[in-house]
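Here's the structure, in structure tokens; my notes come after.
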Amino acid sequence: MKLSPNMLIASLLLLAGCSSHQPMATVDQVDIERFMGDWYVIANIPTFLEKDAYNPIESYRLDTDGTIATTFTFNAGALDGEQKIYQPRGFVSDSNNAVWGMQFMWPIKADYRIVYLDEDYQYTVIGRNSRDYVWIMARSTQITEQKYLELEGFVGSWGTI
């Protein structure tokens with residue numbers, strides 16, 4: 001099922017126009033080993049790399065040095081488009097494992113915050129303090145409309161913080 005992220009996009013565009021924000025709250029604790037593995041991007045406000053991306057998958061692997069080897073794959077322009085692969089590195093920057101710096105190129109580390117994570121580690125929402133990008137992700141390629149609307153509502157609630 002392909003769900004339209006129109007409300008999600010509208011909500012975040014409104015938030016992006018705000019000049020000041022409270023720091024974006026993260027989840028209380030992330031079991032980093034449980035978080036590793038494949039996450040399918042269900043909806044997002046895309047970065048320039050993700051525009052016109054189909055079948056996007058974010059895969060995480062915890063390395064022995066504590067950093068996160070990340071592989072981001074998608075098909076460019078169409079479901080059967082050319083496969084693109086990016087391999088940024090994640091750096092956990094807080095004791096609860098919910099704030100990362102995601103480095104696509106040295107020395108810049110983009111803000112990456114786990115702001116929603118269900119107790120079964122099946123659904124997550126990743127945001128940024130600047131509220132310019134967001135990702136709703138799941139362990140499966142599709143989610144129910146009810147779950148999508150719940151996560152979309154969660155993202156929409158950021159306008160009240």
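For region 100-126: of the residues being within 12 Å of the chain's Cα centre (by Cα) and touching a residue at least 40 places away in the same chain (Cβ under 8 Å), which is nearest to Tyr40 (Cα to Cα)? Result: Thr124.
Checked against the criterion of being modelled with pLDDT under 95 and touching a His at 6+ places or on another chain (Cβ under 7 Å), the candidates Arg131, Arg89 yield just one match: Arg131.
Within region 72-86, restricting attention to residues that are assigned to a strand (DSSP E or B) and aliphatic (A, V, I, L, M), the residue that is modelled with the lowest pLDDT is Ala76. Candidates Leu49, Leu8, Leu13: the one that is closer than 25 Å to Ile143 by Cα, at pLDDT below 85 and in contact with a helix residue (DSSP H, G or I) (Cβ under 6 Å, 6 or more places away or on another chain) is Leu8. Looking across region 71-99, just one residue is free of Cβ contacts under 8 Å to residues at least 24 places away in the same chain and aromatic (Phe, Trp, Tyr), and that is Phe72.
Residue-level check: of (1) surrounded by 15 or more Cβ atoms within 10 Å (Cβ to Cβ); (2) within 14 Å of the chain's Cα centre (by Cα); (3) under 16 Å from Met24 (Cβ atoms), Ser130 misses just (1).
Based on what the data block shows, is Ile57 farther than 19 Å from Val27 by Cα, touching a residue at least 60 places away in the same chain (Cβ under 8 Å) and surrounded by 14 or more Cβ atoms within 10 Å (Cβ to Cβ)? The answer is no for Ile57. Checking each residue in region 107-127 for being modelled with pLDDT under 80 and either surrounded by 15 or more Cβ atoms within 10 Å (Cβ to Cβ) or closer than 20 Å to Glu50 by Cα (or both) picks out Ile108, Lys109, Ala110, Asp111. Collect the residues in region 128-161 that are in contact with a helix residue (DSSP H, G or I) (Cβ under 8 Å, 6 or more places away or on another chain) and either free of Cβ contacts under 8 Å to residues at least 60 places away in the same chain or over 22 Å from Asn55 (Cβ atoms) (or both), keeping them in residue-number order. Within region 128-161, Ser130, Arg131, Asp132, Gly156, Trp158, Gly159 meet the criteria.
Among residues of region 27-54 that are under 22 Å from Tyr148 (Cα atoms), those with a Cβ under 7 angstrom from a residue that is among the charged types (D, E, K, R) and buried (at least 17 other Cβ atoms within 10 Å of the Cβ), sequence gap 6+ or separate chain, pair up as Trp39/Glu58; Val41/Glu58; Asn44/Glu50.
The values are calculated or read from the model by the stated rules, or taken from the named source; none is laboratory data. Small disclaimer: the values here were computed from a predicted structure and weren't measured. Quick reminder, even Gly has a Cβ in these numbers, built from the backbone with ideal geometry, and neighbours come from all protein chains shown.
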